[in-house]
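**Student:** Handing you a structure now.
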Amino acid sequence: MRSLFYVLTALSVIGLAFWAYHENYTTQEAQARAERLQLRIGEERQRLRMLRAEWAYLNRPQRLRDLADINFDRLGLLPLQPYQFGKIDQVSFPKRDPLPITNPVDVMNMEVGQ
């Protein structure tokens with residue numbers, strides 16, 4: 001009778017040890033998943049901050065006027081007026097006299113904006 005009691009006690013201790021090991025392993029896996037998820041959330045938040053900063057820069061009202069001022073000589077555009085921001089059809093181009101081209105080498109030596 002005592003041997004049966006010892007066997008049942010040993011089996012219950014082994015069962016409890018297995019259950020504790022299994023719960024510990026499951027908890028460690030859940031913590032690792034939570035850490036990976038927190039890391040991914042942090043990366044996504046950083047990416048979202050960068051996108052918002054880029055959008056705020058691109059969405060500035062003064063940006064189009066700054067681009068027009070920078071590229072005034074290259075594009076040959078007149079300065080933009082506030083009523084022109086929404087429609088490209090309203091951008092006025094300057095009247096230029098065509099340059100007489102007599103020699104193709106002269107064209108390659110010309111500076112931009114002449």
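The values are calculated or read from the model by the stated rules, or taken from the named source; none is laboratory data. Values in this document were obtained by computation on a predicted structure and should not be read as measured data. Heads up: the accessible areas ignore ligands, DNA and RNA and are worked out on the full protein's heavy atoms, side chains in. Shrake-Rupley method; radii C 1.70, N 1.55, O 1.52, S 1.80 Å.
**Student:** Can you find even one residue in the stretch 53-70 that is open to solvent by 80 Å² or more (accessible area, probe 1.4 Å), under 24 Å from the mean Cα position of the chain (by Cα) and either of a type in the set (Gly, Ala, Ser) or modelled with pLDDT of 85 or more (or both)?
**Tutor:** Taking every residue of the stretch 53-70 in turn, at least one turns out to be open to solvent by 80 Å² or more (accessible area, probe 1.4 Å), under 24 Å from the mean Cα position of the chain (by Cα) and either of a type in the set (Gly, Ala, Ser) or modelled with pLDDT of 85 or more (or both).
**Student:** Further question: Restricting attention to the stretch 1-51, which residues are open to solvent by 100 Å² or more (accessible area, probe 1.4 Å) and polar (S, T, N, Q)?
**Tutor:** 28, 31, 38
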